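Input: a single structure, listed below in structure tokens.
The values are calculated or read from the model by the stated rules, or taken from the named source; none is laboratory data. Note that the coordinates shown come from a computational prediction; the quantities given were computed from them, not determined experimentally. Every residue, glycine as well, gets a Cβ built from its backbone with ideal geometry; the counts of neighbours run over all protein chains shown.
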Amino acid sequence: MNPEFEPSTLWRISAFDRLREQAAQGELRGLERQTVLSTTLQAELTALERKQEAGDALEVIAACVRLQEPALVYLAFQDLVWPVTLFPAQMLYHSPRTLLEASEAGLATLATLSVEPAGVRPPGHPMRERIASDATYRPLAPALWRLALHGPRSRLLSEIAGTAAYRVLRHPRVDDLPLPGALGPAADRLRREAASLRGVADWPGMSVERGARFLNALYLSSNLMVTRSHPAARPEPAQSLFGRKPR
């Protein structure tokens with residue numbers, strides 16, 4: 001199922017649900033394409049389902065990026081459906097709108113509705129069929145950065161969580177990524193020394209949540225060294241009963 005979206009519109013979730021129901025009943029025609037995800041990506045998504053995190057947009061996107069797997073991810077954005085086709089190998093995504101125009105409040109509502117094989121191909125693909133308009137392909141790195149800093153996930157991604165110390169490989173300004181407030185000094189310091197999430201949270205202007213979001217953003221931009229045996233490695237702060245992580 002890969003319906004065409006108008007460049008300036010997103011679907012209502014109710015309309016999207018009707019389409020899925022029609023597709024399940026075999027009422028839609030002309031949608032012939034690959035319908036099965038790769039076994040590696042499907043295994044990752046199944047693991048997220050077991051952990052009841054299949055709706056976690058950042059974890060799902062991180063799985064695609066980690067495996068370098070193209071995929072069409074349908075995101076619930078408030079009462080709308082935002083289709084995003086990821087091309088991690090090319091560091092591009094295809095979408096009717098840029099994720100950078102979404103408000104921070106809107107990004108905080110993001111959830112994954114479903115994941116399917118990519119219905120379009122990236123620019124430059126030797127098989128030109130299903131390559132979309134150039135205007136609908138966008139750089140992936142700035143979108144990942146913004147999703148990590150302002151999306152619904154406020155704790156570390158599972159891939160980098162646990163007992164660890166972290167270093168920045170290159171300054172994010174090299175990639176033209178924004179560093180509001182205390183993130184600039186935090187990036188400078190992580191370039192010079194390794195620190196655990198507990199350590200980062202204690203720096204001026206930082207907190208456990210802000211540190212986790214920053215480390216997630218660095219990880220998704222391939223700019224984070226994670227070490228488990230460094231002297232600075234410490235366990236991730238535990239989740240409290242009230243949803244806050246103690247310092």
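When G181, G162 are checked against the criterion of being touching a Gly at 6+ places or on another chain (Cβ under 9 Å) and surrounded by fewer than 15 Cβ atoms within 10 Å (Cβ to Cβ), a single residue qualifies: G181. Taken over region 96-108, the criterion of being buried (at least 17 other Cβ atoms within 10 Å of the Cβ) and under 19 Å from D56 (Cα atoms) is satisfied by L99, A102, L107.
Against the criterion of being more than 15 Å from L220 (Cβ to Cβ), at pLDDT 95 or above and not in a loop (DSSP other than H, G, I, E, B), A47 qualifies. Going by what's in this entry, would G211 be described as farther than 30 Å from P83 by Cβ and surrounded by 15 or more Cβ atoms within 10 Å (Cβ to Cβ)? So G211 passes the test. Among the listed residues R234, R153, R210, identify the single one that is basic (K, R) and in contact with an Asp or Glu (Cβ under 9 Å, 6 or more places away or on another chain). From the options R234, R153, R210, the qualifying one is R153.
Restricting A47, A63, A54 to those that are in contact with an Asp or Glu (Cβ under 6 Å, 6 or more places away or on another chain), surrounded by 13 or more Cβ atoms within 10 Å (Cβ to Cβ) and not acidic (D, E) reduces the list to A63.
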